[in-house]
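What follows is a single structure, written as structure tokens, with notes after it.
The values are calculated or read from the model by the stated rules, or taken from the named source; none is laboratory data. These numbers come from a predicted model, not from an experiment. Cβ placement follows ideal geometry from the backbone for every residue including glycine, while neighbour counts extend to all protein chains displayed. Note: accessible area is taken over every heavy atom of the protein model, side chains too, but ligands, DNA and RNA are not part of it. Shrake-Rupley method; radii C 1.70, N 1.55, O 1.52, S 1.80 Å.
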Amino acid sequence: MGKNRLEAFSDGVIAIVITIMVLELRAPSGTDLSALLPLWPVLLSYVLSFIYIGIYWNNHHHMLHATEHVGGAVLWANLHLLFWLSLVPFVTRWIGENHFAAGPMALYGVVLLMAAVAYTILQNAILARHGSDSLLAAAVGSDVKGKLSLLMYVLAIPLAFLNPAIAGAIYVLVALVWLVPDRRIEARVK
């Protein structure tokens, strides 16, 4: 079957996730810029999560661009990814409202890890459907960035209980690694 409905549905869910995150932001009661200072954790967590959602949307778009058709396994794998992404607004609010405390930071990492696992499962489902000689298989290669990201999340989660700032730095580092769009697929499509 075609991929158009999958793309449209995914784009809609991701747009809703971003909308929910921004609706969770509360304006301060004061009228001067100093009223924003107590909100820095909330704003910072929003920015990081917005970047993560943007990274997933961007890479999802590129991956589906290299996909010719989907089946049931791909549809379910995509729903699995969207489930984990739909939890991002919840953990974003929790870390922001609790000033990056250990428990919320660890759970934020669990959600990021599970989203990365779900993305890998989706990618593998598409690869299984299209074969090892497909455009996507050639573009993904050994997927060093994906594997490194999973490892970094696994390290960050327990580190959040020792020092939440270290876990936060790891989450930022992973985002920076992925901030530059994955050009492997773009290069293969051209």
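Assorted remarks:
- Criterion: farther than 29 Å from A139 by Cα, crowded, with 20+ Cβ neighbours inside 10 Å and of a type in the set (V, I, T) - qualifying residue of T31, T19, T92: T92
- Of everything in region 64-105 that is of a type in the set (G, A, S) and touching a Leu at 6+ places or on another chain (Cβ under 6 Å), the residue that is nearest to S132 (Cα to Cα) is A66.
- Some residue of region 97-106 being of a type outside the set (G, A, S), part of a helix (DSSP H, G or I) and within 20 Å of L173 (Cβ to Cβ): yes
- Search result, residues across region 121-163 that are open to solvent by less than 40 Å² (accessible area, probe 1.4 Å), over 15 Å from W76 (Cα atoms), touching a residue at least 60 places away in the same chain (Cβ under 8 Å) and assigned to a helix (DSSP H, G or I): H130, L136, A139
- Check on L39, part of a helix (DSSP H, G or I), at pLDDT below 95 and closer than 22 Å to A169 by Cα: yes
- Within region 61-73, not a single residue is within 23 Å of L162 (Cβ to Cβ) and of a type outside the set (S, T, N, Q).
- In region 54-69, the residues that are farther than 14 Å from A125 by Cβ form Cβ pairs under 8 Å with partners that are buried (at least 16 other Cβ atoms within 10 Å of the Cβ) and at pLDDT below 90, at six or more places apart or across chains, as follows: N58/D182; N59/D182; H62/D182; H62/I185; H65/I185.
- Verdict on V74 being over 28 Å from R26 (Cβ atoms) and open to solvent by 10 Å² or more (accessible area, probe 1.4 Å): no
- Odd one out for N4 among (1) open to solvent by 20 Å² or more (accessible area, probe 1.4 Å); (2) farther than 21 Å from R129 by Cα; (3) not charged (D, E, K, R): (2)
- Sole residue being modelled with pLDDT under 95 and of a type in the set (D, E, K, R), chosen from R93, R129: R129
- Qualifying residue in region 106-118 (condition: at pLDDT 95 or above, over 30 Å from G71 (Cβ atoms) and open to solvent by 40 Å² or more (accessible area, probe 1.4 Å)): yes
- Count - residues of region 56-74 that are under 12 Å from E7 (Cβ atoms) and in a helix (DSSP H, G or I): 8
- Hey, G54 within 17 Å of P164 (Cβ to Cβ), buried (at least 16 other Cβ atoms within 10 Å of the Cβ) and of a type in the set (G, A, S) or not: no
- Residue within region 112-120 that is touching a residue at least 24 places away in the same chain (Cβ under 8 Å), outside any helix (DSSP H, G or I) and not β-branched (V, I, T) present: no
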